1. Quick check on the stretch 140-151. Is at least one of its residues part of a helix (DSSP H, G or I) and either assigned by TED's automatic domain parsing to the domain that holds Val76 or touching a helix residue (DSSP H, G or I) at 6+ places or on another chain (Cβ under 7 Å) (or both)?
2. Would you point out which residue out of Ala129, Ala77, Ala72, Ala94 is more than 20 Å from Ala30 (Cβ to Cβ), of a type in the set (A, V, I, L, M, F, W, C) and either without any contact (Cβ under 8 Å) to a residue 12 or more places away in the chain or in a loop (DSSP other than H, G, I, E, B) (or both)?
3. Can you pull out every residue in the stretch 10-54 that is surrounded by fewer than 18 Cβ atoms within 10 Å (Cβ to Cβ), within 30 Å of Arg117 (Cα to Cα) and of a type outside the set (Val, Ile, Thr)?
4. Of everything in the stretch 1-20, what is in a loop (DSSP other than H, G, I, E, B) and either modelled with pLDDT of 95 or more or basic (Lys, Arg) (or both)? Give them in sequence order.
5. Would you pick out the residues in the stretch 112-136 that are more than 21 Å from Val180 (Cα to Cα) and crowded, with 18+ Cβ neighbours inside 10 Å?
6. Return yes or no: is Tyr84 surrounded by 15 or more Cβ atoms within 10 Å (Cβ to Cβ) and among the aromatic types (Phe, Trp, Tyr)?
7. Suppose we keep only residues that are within 12 Å of His184 (Cβ to Cβ) and not β-branched (Val, Ile, Thr) within the stretch 139-162. Which one would you say is surrounded by the most Cβ atoms within 10 Å (Cβ to Cβ)?
Amino acid sequence: MITADDRTAITAALGAAEERTSGQIVCVLAQSSSDYSYVPLLWAAFLALACPWPLIIFTQLSVQRIYLLQIASFIVAALVLAWYPFRMMLVPRAIRRAQAHRAAMEQFFTRGVTRTRDRTGILIFVSLAEHYARIVADEGIASRVKDSEWQAAVDELTSHMRNGRVAQGLVAAIERCGSVLAEHAPPSGAGHELPEHLYVVSF
């Protein structure tokens, strides 16, 4: 997903961006915001519940055989749908986005973005399975910057992601966010409060 060279480039971009500002930038990359392990079971249960009706209507099978086929259909469907590509296809887009948003907010607090001195930290969050990217700004900088400026960074990031260049997209987003922070939160000489590296997480 991310090579050692990619990590080096992202760390260098973070360092260069934060030299120009008192703000802090945290980058988190998730393969997926959830394993969605419940999804195959829900669909398998639905298929198993639907299975007996055509058998009752169109066959002369005994109740015992229909019951065994119902159990078998549940097991087979659960195993087949557990394959990750199938599993992700079955999750509605709205649920994927909601899950990714929840993960982004969790990381925003977990990584200490809210604990900087002037509350000028931002989180750049990417979840690959959900094709989701978001920038979350703390209250000290959010009040000074228009949402459109953060969205421009997200758009640049996602344009790289669509072509499989995740690391380049993160570097581009870091550089753009660094310019925004430099304008609205100039250096104070207090030093960096948060680590300058990429967090790669799984849920």
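The values are calculated or read from the model by the stated rules, or taken from the named source; none is laboratory data. Keep in mind the model is a prediction, meaning the values are calculated, not measured. So basically every Cβ, Gly included, is an ideal-geometry build from the backbone, and we count neighbours across all protein chains shown.
1. yes
2. Ala72
3. Ala12, Gly15, Ala16, Glu19, Arg20
4. Of everything in the stretch 1-20, just one residue is in a loop (DSSP other than H, G, I, E, B) and either modelled with pLDDT of 95 or more or basic (Lys, Arg) (or both), namely Arg20.
5. Matches in the stretch 112-136: Ser127, Ala129, Glu130, Tyr132.
6. no
7. Trp150
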